[in-house]
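Okay, structure first, notes after.
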Amino acid sequence: MLRNVGRSGVPQTNYIFVVDVDMMCNGNLYSSFLGLAQGLNLFANSNDKKVFVVPAFETVQKLSPSLSKKELLDLWNSGTVQPFYYQACWKCQKHLDYEAWKSYHSSDSSNLQIAYSIDWQDPWEPFYIAPNHVPLYDERFKQYGFNRISQVCETHIAGYDFAVLSNAFLVHHGFKTKEGFHSAKDEENNRNRGIFRTFKKELKLKYPQSTRQC
């Protein structure tokens with residue numbers, strides 16, 4: 001619900017970036033995305049249906065927002081940084097293809113580019129910069145589970161494509177583990193799983209022309 005409240009406060013903006021409160025993006029992401037958007041003429045096409053995925057990571061130490069991709073990769077290679085949810089739910093993140101992102105080198109590392117495009121697959125839960133007309137979050141999903149995946153699922157069904165950004169990233173301070181969740185997590189997750197089954201049936205009625213599934 002609060003994600004929707006946040007979006008309602010910026011109705012005139014072209015693009016939004018909804019992230020969890022405990023995550024940090026690289027410091028120049030705002031300015032570099034504006035440059036990319038202007039270069040691709042995104043602001044002139046209000047109906048564009050592309051979202052821009054920002055790879056997410058976890059770290060055992062507090063990092064500065066000025067961290068560069070090269071510095072992030074060095075920390076990854078040393079074991080102090082790992083892909084987001086690597087231990088907690090790797091299937092929820094691995095579809096991004098972190099190795100492809102790691103090996104992507106642009107001619108100008110200071111500029112933001114589209115590294116590659118990727119078809120969405122269940123249960124991938126990417127974080128992304130999106131046009132402000134992407135679907136809202138379904139507020140039936142309370143507490144833990146299926147609140148982000150349901151919105152990503154509808155975004156996919158609604159016809160949006162996913163492009164991974166080259167020099168952008170998010171960092172969560174601390175490694176997430178399966179043992180680190182609250183005691184009611186499984187109960188909440190199971191309840192929301194039932195809502196998600198209903199939600200997917202509703203999407204077939206809401207988007208009858210879509211050939212996509214989730």
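From most to least packed by mean Cβ count within 10 Å, the peptides 44-50, 120-126 give 120-126, 44-50. In this structure the amide hydrogen of Glu58, modeled in the peptide plane, comes within under 5 Å of the amide hydrogens of Gln82, Phe84, His172, none closer than 5 places in sequence on its chain. Size of the chain: Rg and Dmax of its alpha carbons, in Å, are 17.3, 49.
What separates the Cα centres of segment 9-61 and segment 168-214 is a distance of 22 Å.
Partner lysines whose Cα lies under 21 Å from the Cα of Lys49, excluding those fewer than 8 positions away in the same chain, are identified as Lys200, Lys204, Lys206.
Among the trypsin sites (Lys or Arg not before Pro) in segment 54-84, those located in a DSSP loop and surrounded by at most 10 other Cβ atoms within 10 Å of their own Cβ are Lys62. For Thr211, Thr80, Thr59, the sequence from fewest to most other C-beta atoms within 10 Å is Thr211, Thr80, Thr59.
Each value in this text was obtained by applying a stated rule to the coordinates, not by laboratory testing. Being a predicted model, the structure only gives us computed values, none of them experimental. Positions of Cβ are backbone-derived with ideal geometry, glycine not excepted, and every protein chain shown enters the neighbour counts.
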